1. May I ask you to list the residues in segment 49-82 that are assigned to a loop (DSSP other than H, G, I, E, B) and either crowded, with 19+ Cβ neighbours inside 10 Å or out of contact with any strand residue (DSSP E or B) (no Cβ under 7 Å at 6 or more places or on another chain) (or both)?
2. Please go through segment 219-250 and pick out each residue that is buried (at least 16 other Cβ atoms within 10 Å of the Cβ) and within 16 Å of the ligand (Cβ to nearest atom).
3. Taking only segment 211-238 into account, find how many residues are modelled with pLDDT of 85 or more and within 25 Å of E41 (Cβ to Cβ).
4. Show the residue pairs that are 6+ apart or on different chains and have beta-carbon atoms under 7 Å apart, the first residue being within segment 79-106 and within 15 Å of I154 (Cβ to Cβ), the second being hydroxyl-bearing (S, T, Y).
5. Does segment 256-273 contain any residue that is surrounded by fewer than 17 Cβ atoms within 10 Å (Cβ to Cβ) and either within 14 Å of the ligand (Cβ to nearest atom) or modelled with pLDDT of 85 or more (or both)?
6. Name the pairs whose Cβ atoms lie under 9 Å apart, with the first residue in segment 155-183 and on the phi > 0 side of the Ramachandran plot, the second assigned to a strand (DSSP E or B) and surrounded by fewer than 21 Cβ atoms within 10 Å (Cβ to Cβ), and 6 or more positions between them or separate chains?
7. Which of the strands (runs of 3 or more DSSP E) found entirely inside segment 94-205 contain at least 3 residues meeting this: outside the structural domain of I232 (by TED's automatic domain parsing)?
Amino acid sequence: MNKFSVFIDGEFLFFTFKSMGIQEKDIDWHAFHGLIRNKIENYTNARPMVGRIHIFKAESVAFFPVKRNEWFNNKLKNDIKEYKVYDADNRLITDYASLTEDDIEKIRLRAVTDLKDFKEKYMSGVLGRYRHITINNAFIELSLPGFVKYDPIIGRPIEEKGVDVGIATDMILKSDNYDVAIILSGDADLTPAIKQIKNKMKFVFLLRVFKEKPPRPVGISDQLSQLVDGYIDFPLCEIPFSFRISCDTCANTINVDNYFLSDINFLSREDVRLTHTCKCGQILDFNRTVFEN
Ligand SMILES: [Zn+2]
């Protein structure tokens with residue numbers, strides 16, 4: 001009983017933290033890792049020696065064909081009925097029949113541009129955010145198993161494909177190397193993999209992050225909750241933060257490490273206030289860094 005692996009669904013982590021007003025990069029991952037270890041020790045009466053964290057994100061954005069063909073025309077026709085679709089001048093389209101050939105071509109050309117923009121933004125966003133985290137924490141590994149399906153006509157990502165299977169595969173592949181698997185995800189598609197791991201007589205825990213006490217974790221499927229051996233619970237006030245704040249007046253930068261929100265009586269987002277007086281006399285608001293980036 002001396003090794004654990006944490007498997008994190010990056011999208012789930014992102015939205016869980018986002019709902020609380022925090023970001024992955026604000027977390028002191030080193031301290032967080034140590035706290036996970038302590039909780040495993042409490043649960044299993046054994047102190048794990050080694051622990052790895054694996055974060056899974058989609059690696060690319062899938063291109064819908066945005067060629068001007070029958071498929072595109074039919075999809076546009078259906079999307080206008082079901083979703084909000086805008087024309088090239090950003091007016092809501094209410095009726096396909098009223099569009100001219102020229103209008104349709106403009107919509108298609110914009111879809112091509114939007115898709116390209118989204119792809120670039122997505123990739124640089126993910127890689128930038130996680131590069132910072134993996135460089136500073138050798139025990140964290142980023143895996144990119146799937147892709148994001150983006151719909152260029154309605155102008156938004158519609159789903160992630162392959163990430164859940166990527167997590168499941170990796171959990172099984174690595175299962176000879178750990179004694180305890182910890183999952184941060186809400187996806188019921190992980191249940192077959194969890195059953196396999198349990199059959200190998202490994203502990204499987206869900207890592208739950210939530211804002212309130214008592215916990216009301218959001219978006220975790222019942223099948224998943226009922227299948228695992230237990231929970232590694234983190235209310236927001238127990239998550240350690242590490243971030244940097246710079247002074248606008250003197251350009252001084254202050255690192256805040258190992259800082260817990262519980263220290264400042266966390267009640268709600270609006271109630272959190274922590275300030276630090278810079279050496280130049282300027283009062284800096286940490287709150288701004290954690291919550292408004
Ligand atoms: Zn200053």
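1. Going residue by residue through segment 49-82, those that are assigned to a loop (DSSP other than H, G, I, E, B) are 49, 63-69.
The answer is F63, P65, V66, K67, R68, N69.
2. I245, C247
3. Within segment 211-238, residues that are modelled with pLDDT of 85 or more and within 25 Å of E41 (Cβ to Cβ) number 12.
4. I80/Y96; L92/Y86; I93/Y86
5. no
6. G155/Y86; G162/E59; G162/P145; G162/F147
7. Once the strands (runs of 3 or more DSSP E) in segment 94-205 are filtered for at least 3 residues that are outside the structural domain of I232 (by TED's automatic domain parsing), nothing remains.
For every residue, the table says whether it meets (1) at pLDDT below 95; (2) of a type outside the set (F, W, Y).
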residue: T134; (1), (2): yes, yes
residue: I153; (1), (2): yes, yes
residue: P157; (1), (2): yes, yes
residue: G162; (1), (2): yes, yes
residue: S175; (1), (2): no, yes
residue: Y178; (1), (2): no, no
residue: A188; (1), (2): yes, yes
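The values are calculated or read from the model by the stated rules, or taken from the named source; none is laboratory data. From a predicted model like this one, the values you see are computed outputs, not experimental measurements. In this analysis, Cβ positions are derived from the backbone assuming ideal geometry, glycine residues included, and neighbour counts consider all displayed protein chains.
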